[in-house]
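The values are calculated or read from the model by the stated rules, or taken from the named source; none is laboratory data. A quick note: this is a predicted structure, and the numbers were derived from the prediction, not measured. When we count neighbours, we look across all protein chains shown, and the Cβ atoms used for this are built from the backbone with ideal geometry, even at glycine.
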Amino acid sequence: MPKLSNKNKKQAIPKNVEMSDMWGENAGTAKTDEHPRATWFRESKYAMFIHWGLYSQAANVWNGKNWHGISEWLMTRSKIPVREYEKLAASFNPVDFDADEIAKLAKAAGMKYIVLTSKHHEGFAMFKSAASKFNSVDATPFKRDVAGELADACKKHGLGIGFYYSQFLDWHEKDGAGNNWDFPEQRDFDKFFQGKVLPQVTELLTNYGPVSLIWFDTPGTIPRESSQELYELVRRLQPECLVNSRIGNGMGDYSSAGDQEIPLVVPEGLWESVDTHNDTWAYSQHDHNWKTPSEVITRLVKVVSLGGNYMLNIGPTGKGLVPAESANILREAGRWIKKHEKAIYGTDKSPIPMQPWGAITSTPGKLYLHVFQWPSDGKIYLPGLKLSKPQATIMGSGKKLKLIREKGIITVEIPSLPPVRPFTVIELSYDGKIKTEGSVRILHPGLDNIFEAPFAETSNCEKAKRQWMEKFGDWHHAEVIEKITTGSKMSWNFTAFRNSLWRVHLEYECHQETDESEIEFSIGETSWRFPVFGTGGGISRRTRFRREMIGVVEVPSFGEYILKLKGTDVKGNNQLIIRRIVLESI
Ligand code: FHN
């Protein structure tokens, strides 16, 4: 084992770590983008995350009480004393665990690498560790090295292996962060860091062959020197191994977005979205809220169209089995992915934002149009694109589709029903380089046209991101416009094809004190004022967004338009936030 430096200062860390520290400020944005070690990551697109540990056996029940939300936090939610929690290890015997089956499932799902929780916040290592006996080999009747078995299975099946490691929170250790029910006294973080974190990460990077990535988490208030030392350790032991941004202090090779966050605008640099199949990461016996195959595909494609990787989590049971519903859904989505692999792996982001009908992925000379909503007018519009000699076919059947230029906009003529379920992909080839020009938003008849906050021009108000939990640890995200006052202005440009009629919906959240504030809506010559109403509670606690119909508007003819909102009488201070405007086709 390499000698570990001792340059960290003894540092006391706060006793309470808030949920909001989980990935927040400290998780920064990673920089490595063009480095060759990132190539496999950029091409892979889809990965399996596995949350598996002692908490999986408890399955969100403790002493007869059911908990809801992320089950790997049971120890802290129930304030379970370390000695009592250790008993879970004494009975941990997941005889149904079969690393090979999990690797095969990942393959069938279309995933290219697996990331396992080698040690989550509970402090229990799913691998043989000389640094702590609290591990799957030494502390359980199971006596097996889970990380090792999975690494071997991944190698056998041509998948990458990565390890999640909680470097800051460790509820089992007196000096780790987070456990103030057993250890209320001041802690010596560096002692824990030198004595457990560095040795265990060294073990992970020494004993299991090439590791594709180390996935650190919840940096909280980890000292900069510790993040730095950890990063250097990874670089020294495995120069090709990637590190995510949750190592903390703005370090890492790529950025992990917030839990379950799919942004609307392309993030900077190399990035991933981490999602879970239901509303918990580890197994919870109460959670059956699985994302369907269509939802899995849609979420994957959206992320890929923004240039990111999608890592979707599964939570095996205490016996080591992947819940059947979860496995079946992943396989079902995988069948579609396999048929459309050229449109996913090795692709790049879309040249234009999400369209009302779906999302685009690209390779040089090709655009892949993933049609989530099949337009009833038989047309797919590609606003803002200039392509030389474009040709369109239906992916899979090779059936040619007619392309026309209608009023300067490339339009693909499609059959009345989607030939492939759940989604049809249209492959569009062209010569030379793609050019973007003019408005990238067109009102698409027959579909909901969504004007999202981050795409607005604003004055006297600001764009922001909001995040909140529904169930405990079940994060939701919204991109909004905030600080709206009287005189604030928001606007979105778009092209309309022809005369058309639209029902207008506004999605917003409004504090009770701002009830009955007044906003003006306009498109072209048409404008009216309407009230917004208190949506209850304070802003951004649980989801309080309300989508409300505010009127019907006629767009008179073909042309360029601007949709405008203006605060005409807004009460209170920063108590109205607008998420989006939707024009529903009538
Ligand atoms: O606290 C953890 C949580 O349990 C889970 O592991 C997620 C996965 O991204 N990360 C932390 C919260 O962001």
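Of the residues that make up segment 201-208, is at least one in contact (Cβ under 8 Å) with a residue 12 or more places away in the chain and within 11 Å of A177 (Cβ to Cβ)? No, that holds for no residue. Screening the candidates L159, L169, L150 for the property of being in contact with a His (Cβ under 7 Å, 6 or more places away or on another chain) and crowded, with 21+ Cβ neighbours inside 10 Å yields one hit, L169. When every residue of segment 347-368 is checked against the conditions, none turns out to be under 21 Å from N493 (Cβ atoms), small (G, A, S) and at pLDDT below 95.
How many residues are out of contact with any strand residue (DSSP E or B) (no Cβ under 8 Å at 6 or more places or on another chain) and either within 16 Å of G315 (Cα to Cα) or not polar (S, T, N, Q) (or both) when one looks only at segment 132-158?
Filtering segment 132-158 down to residues out of contact with any strand residue (DSSP E or B) (no Cβ under 8 Å at 6 or more places or on another chain) leaves 133, 137-145, 148-149, 152-153, 156-158.
After this cut, where a residue has to be either within 16 Å of G315 (Cα to Cα) or not polar (S, T, N, Q) (or both) as well, the list is 133, 137-139, 141-145, 148-149, 152-153, 156-158.
Residues meeting the conditions: 16.
Can you tell me which residue among G378, G408, G384, G398 is within 28 Å of I262 (Cα to Cα) and small (G, A, S)?
Values: G378 fails: within 28 Å of I262 (Cα to Cα); G408 fails: within 28 Å of I262 (Cα to Cα); G398 fails: within 28 Å of I262 (Cα to Cα).
Selected residue: G384, the only one of G378, G408, G384, G398 that is within 28 Å of I262 (Cα to Cα) and small (G, A, S).
Has segment 320-331 got at least one residue that is more than 25 Å from P419 (Cβ to Cβ), among the basic types (K, R) and in contact (Cβ under 8 Å) with a residue 60 or more places away in the chain? Before you say what the answer is, go through the steps one by one.
Kept after step one, since they are more than 25 Å from P419 (Cβ to Cβ), are these residues of segment 320-331: 320-327.
Subsequent filtering for residues that are among the basic types (K, R) retains none.
No, because not a single residue in segment 320-331 is more than 25 Å from P419 (Cβ to Cβ), among the basic types (K, R) and in contact (Cβ under 8 Å) with a residue 60 or more places away in the chain.
When we screen S78, S118 for residues that are closer than 23 Å to V234 by Cα and in contact with a strand residue (DSSP E or B) (Cβ under 6 Å, 6 or more places away or on another chain), the only hit is S118.
Going through (1) crowded, with 22+ Cβ neighbours inside 10 Å; (2) over 20 Å from the mean Cα position of the chain (by Cα); (3) of a type outside the set (K, R) one by one, A333 falls short only on (2). The residue of segment 378-428 that is surrounded by the fewest Cβ atoms within 10 Å (Cβ to Cβ), among those that are free of Cβ contacts under 8 Å to residues at least 40 places away in the same chain, of a type in the set (V, I, T) and within 18 Å of S439 (Cβ to Cβ), is T411. Residues of segment 567-586 that are among the basic types (K, R) and under 17 Å from R503 (Cβ atoms): R580 alone.
Quick check: is even one residue across segment 283-306 among the charged types (D, E, K, R), part of a strand (DSSP E or B) and surrounded by fewer than 23 Cβ atoms within 10 Å (Cβ to Cβ)? Give the derivation first.
Filtering segment 283-306 down to residues among the charged types (D, E, K, R) leaves 287, 291, 295, 299, 302.
From what's left, part of a strand (DSSP E or B): none.
No, because not a single residue in segment 283-306 is among the charged types (D, E, K, R), part of a strand (DSSP E or B) and surrounded by fewer than 23 Cβ atoms within 10 Å (Cβ to Cβ).
Residue selection: H286 fails the criterion of being touching a residue at least 40 places away in the same chain (Cβ under 8 Å), more than 12 Å from the ligand (Cβ to nearest atom) and touching a helix residue (DSSP H, G or I) at 6+ places or on another chain (Cβ under 7 Å).
For segment 30-62, which residues satisfy the criterion of being among the aliphatic types (A, V, I, L, M), modelled with pLDDT of 95 or more, within 30 Å of L270 (Cα to Cα) and more than 15 Å from the ligand (Cβ to nearest atom)?
Going through segment 30-62, the residues among the aliphatic types (A, V, I, L, M) turn out to be 30, 38, 47-48, 50, 54, 58-59, 61.
Among the residues that remain, those that are also modelled with pLDDT of 95 or more are: 47-48, 50, 54, 58-59, 61.
When the remaining residues are screened for being within 30 Å of L270 (Cα to Cα), the result is 47-48, 50.
Correct list: empty.
Does P316 count as touching a helix residue (DSSP H, G or I) at 6+ places or on another chain (Cβ under 9 Å) and more than 16 Å from the ligand (Cβ to nearest atom)?
Numbers: touching a helix residue (DSSP H, G or I) at 6+ places or on another chain (Cβ under 9 Å): yes; more than 16 Å from the ligand (Cβ to nearest atom): no.
Taking the combined requirement at face value, the residue does not satisfy it.
If you scan segment 429-444, which residues turn out to be charged (D, E, K, R) and either touching a His at 6+ places or on another chain (Cβ under 6 Å) or buried (at least 19 other Cβ atoms within 10 Å of the Cβ) (or both)? The one that is charged (D, E, K, R) and either touching a His at 6+ places or on another chain (Cβ under 6 Å) or buried (at least 19 other Cβ atoms within 10 Å of the Cβ) (or both): R441.
Can D569 be described as among the acidic types (D, E), more than 17 Å from V480 (Cα to Cα) and at pLDDT 95 or above? Judged against the criteria, D569 is a match. The single condition from (1) within 16 Å of the ligand (Cβ to nearest atom); (2) in contact with a helix residue (DSSP H, G or I) (Cβ under 7 Å, 6 or more places away or on another chain) that R299 fails is (2).
Residue-by-condition table, conditions (1) within 16 Å of the ligand (Cβ to nearest atom); (2) within 19 Å of W357 (Cβ to Cβ); (3) in contact (Cβ under 8 Å) with a residue 24 or more places away in the chain:
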{"site": "E437", "(1), (2), (3)": "no, no, yes"}
{"site": "H477", "(1), (2), (3)": "yes, no, yes"}
{"site": "S488", "(1), (2), (3)": "no, no, yes"}
{"site": "T495", "(1), (2), (3)": "no, yes, yes"}
{"site": "R498", "(1), (2), (3)": "no, yes, yes"}
{"site": "E509", "(1), (2), (3)": "no, no, yes"}
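For segment 270-279, a residue qualifies if it is in a loop (DSSP other than H, G, I, E, B), under 30 Å from A38 (Cβ atoms) and either of a type outside the set (A, V, I, L, M, F, W, C) or within 12 Å of the ligand (Cβ to nearest atom) (or both), and exactly one does: H277.
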